[in-house]
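Only one structure is covered here, and it is reproduced in the block below.
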Ligand code: NAD
Ligand code: MG
């Protein structure tokens, strides 16, 4: 069996470390070509010691120099780089077979696109890239022959619940995609209680341990909104064929309902190593380190309709996808700025949806036909949301 060379973009994050945990179990199958982080020099150094990549990439020249010194001290031959071009290079390098796109937010867009254009097996965790530029990304993959494997647990579950073809999956005969949502840590709070939620409360997810941005998105249900758009792009379905089902236990990771009344679901423990291992090895199966699901210990499976009065970002995401063009990119950019402000203590929890809604109302939607239009929409939306935050504080 040939050993596959893997680049992990965002290797020090929650998805990145889970990916390396799976890779470490299979040295006969995978080698690490490149690891990247924004500014976590020490974490990246530890990973370099353990996984001996050919390349490591950081966000700035200073942090790259720091890592270089540490690596030299240990006699590690890793080549250290910094910046966006280096990310694109390690995502598209001929020596690489598989790229794990696990950078958070729009910052991951260009390197994710570079991997798609270069025809890699692309393990897609960075949902924001797909929300911003779904059409371009899917088109690039079709042209180059890149295989996009969803890592997001719901989309990986949908992939597993669809009939496999030589090159992926088909959506023949499907009636609806049933996208499950845990409902997040604030699922049962009233609007009055939501008004005074602190970042610490919002960060505490009951079932999953994740990076800070996606944890806040789970608390507002924007994560599910982004995932609705992600499902439309990945599986070429209409937004009205995606139904969100709140399932607090996070045992069923999503379902597909078929024309004949069949519903196929994928189940497992809430541990990202399962979808990561599936996406790495498909169509084979490998050990992920996740224990088997003990159905006798699962107390029950519950399902509810989502409440878009308390969680309006879910409704806004549906509307943005219906509007099309640059609307999803504007929605995403406004949300990224609002989440950073909430984590910083600058805005209240309920302002998150208000800021995204106001940003969408302020801006003109254009066709998302090329990258520069999308990047411009992203940048204008960021400026608009920042202005709205400053006005509210004044
Ligand atoms: P995280 O914050 O834990 O990690 C982010 C990684 O990206 C880190 O390695 C960080 O150094 C790097 N990074 C951050 N900003 C960067 C920048 N400007 N330039 C380059 N690198 C940068 O995030 P996470 O929870 O691992 O999520 C990563 C992506 O996966 C997100 O898009 C998220 O929505 C998606 N995702 C995460 C989970 C999960 O369980 N954590 C599940 C599904 C999807
Ligand atoms: Mg998910």
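The values are calculated or read from the model by the stated rules, or taken from the named source; none is laboratory data. Predicted model, so just to flag it, every value in this text is computed and none were measured. A quick note on method: Cβ atoms are made from the backbone with ideal geometry, for glycine too, and the neighbour counts reach across all protein chains shown.
If I filter the range 99-117 down to residues being under 25 Å from residue 367 (Cα atoms) and part of a loop (DSSP other than H, G, I, E, B), which single residue comes out as farthest from ligand 2 (Cβ to nearest atom)?
Checking each candidate, the answer is 105.
Under 8 Å between Cβ atoms, at least 6 apart or on separate chains: pull out the pairs that start in the range 194-220 with a residue that is without any contact (Cβ under 8 Å) to a residue 24 or more places away in the chain and end on any residue that is in a helix (DSSP H, G or I) and within 11 Å of ligand 2 (Cβ to nearest atom).
Every condition considered, the pairs that remain are 205/218.
Quick check on the range 231-242. Is at least one of its residues more than 13 Å from ligand 1 (Cβ to nearest atom) and farther than 23 Å from residue 328 by Cβ?
Checked against the condition, which is being more than 13 Å from ligand 1 (Cβ to nearest atom) and farther than 23 Å from residue 328 by Cβ, the range 231-242 yields no hits at all.
Across the range 151-175, what is the total count of residues that are assigned to a loop (DSSP other than H, G, I, E, B) and touching a helix residue (DSSP H, G or I) at 6+ places or on another chain (Cβ under 9 Å)?
4
Which residues, taken from the range 118-133, are over 16 Å from residue 19 (Cβ atoms) and away from ligand 1 (no atom under 14 Å from the Cβ)?
Listed by number, the residues that qualify are 118, 119.
Can you go through 115, 146 and tell me which one is modelled with pLDDT of 95 or more, more than 13 Å from ligand 1 (Cβ to nearest atom) and buried (at least 24 other Cβ atoms within 10 Å of the Cβ)?
115
Select from the range 51-87 the residues that are touching a strand residue (DSSP E or B) at 6+ places or on another chain (Cβ under 9 Å), part of a helix (DSSP H, G or I) and either surrounded by fewer than 20 Cβ atoms within 10 Å (Cβ to Cβ) or without any contact (Cβ under 8 Å) to a residue 60 or more places away in the chain (or both) and list them in ascending order.
51, 61, 62, 63, 64, 65, 66, 67, 68, 71, 86
Just the residues that are assigned to a loop (DSSP other than H, G, I, E, B) and either free of Cβ contacts under 8 Å to residues at least 60 places away in the same chain or more than 21 Å from residue 133 (Cβ to Cβ) (or both), please, taken from the range 229-257.
238, 247, 248, 249, 250, 251
Taking the options 226, 178, name whichever one is buried (at least 24 other Cβ atoms within 10 Å of the Cβ) and either within 16 Å of ligand 1 (Cβ to nearest atom) or assigned to a strand (DSSP E or B) (or both).
226
Hey, residue 206 hits all of (1) more than 15 Å from the chain's Cα centre (by Cα); (2) within 26 Å of residue 329 (Cβ to Cβ) but one; which does it fall short on?
(2)
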